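Worksheet: one structure, shown below.
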Amino acid sequence: MLIQQYFYRITLIFLAFCTFQMGIAQERMVKMTHQIAQKEITIKENRRVKVKTTDGRKIKGRFKILGDQTIVVNNRKIELREIQEMKKDPLLVSIFSGAVLIYAGALAIGMGAIIGVFVQSSGFLLAIPGSALIYAGTNPPNFSRRYKKDGQWRIENLNP
C-alpha cells in the first residue's frame, strides 16, 4: 500500500514536470505569410538573418524577439512594421563560399604570376579575374530567398 502511494506520487510529479516542460520548451519564431498563396515561412529565434528596413539600413546577425512587434538584430531594435525585406543568412554557407572565392582568386593570381614569369607575359592577365574573385569573396553571396514586404508577405511574431 505504501509503495503504491509513492508510485502514484512519483507518476503525478513526472507527468506534471513533462507538461510544464512542454509548455516552456516551445521556441519563439517569426512567421511570414504570403497573402495570395497562403504559404507560411517560419524563422526560429537566434537564427542569422539579413534585414533591410524601410529607411534603407541593412542589418545582419542573429535575431531575438523582444515583444509582439519588436525584434533585435545585432543589438539594434527593429519594429516589425519597419522591415522592408528579410532573409535567412546561414553562417556555414557564407563562410564556405567566401573562403572558396578567396582561395580561387589567390590561386588565379599565383598561377598568373608563375605563367607570366616563366612562360608568357600575357599570363599576368590572370590577375584581373583573380582580384575580382577575391573581391567577391570578401562579401560572399547569399542564395537564400528574400521575403519582401511589398504587399504580398506579412510578417508577425509567433510567441507561444
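Sparse packing (at most 15 other Cβ atoms within 10 Å of the Cβ) combined with a DSSP loop state is found for the following chymotrypsin sites (Phe, Trp or Tyr not before Pro) in region 85-144: PHE143.
With the simple spin-label model, which puts each label point 7 Å out from Cα in the Cβ direction, the LYS77 to ASP55 separation comes to 1.3 nm.
Net charge in the neighbourhood of GLU45 (other residues with Cβ under 10 Å of its Cβ; Lys, Arg +1, Asp, Glu -1) is +4. Taking a ≥ b ≥ c as the square roots of the eigenvalues of the Cα gyration tensor, an a/c ratio of 1.5 or more together with a/b larger than b/c marks region 44-130 as prolate. Working note: Cα atoms of region 93-138, range along each principal axis, descending, whole Å: 37, 13, 8. Sequence-ordered 3J(HN,Hα) estimates for region 118-133 from the Karplus curve with 6.51, -1.76 and 1.60 and θ = phi - 60° stand at 9, 10, 8, 5, 6, x, 5, 5, 5, 5, 5, x, x, 5, 5, 5 Hz, glycine and proline given as x. Hydrodynamic analysis of region 32-71 uses the Kirkwood radius over alpha carbon pairs. Inserted into Stokes-Einstein at 25 °C and 0.890 mPa s, it gives a translational diffusion coefficient of 208 µm²/s.
Readers should treat all values here as calculations from the given coordinates under stated rules, not as data from a laboratory. Note that the structure is predicted; figures quoted are calculated from it, not measured. Counting neighbours? That spans all protein chains shown, and the Cβs are built from the backbone with ideal geometry, glycine included.
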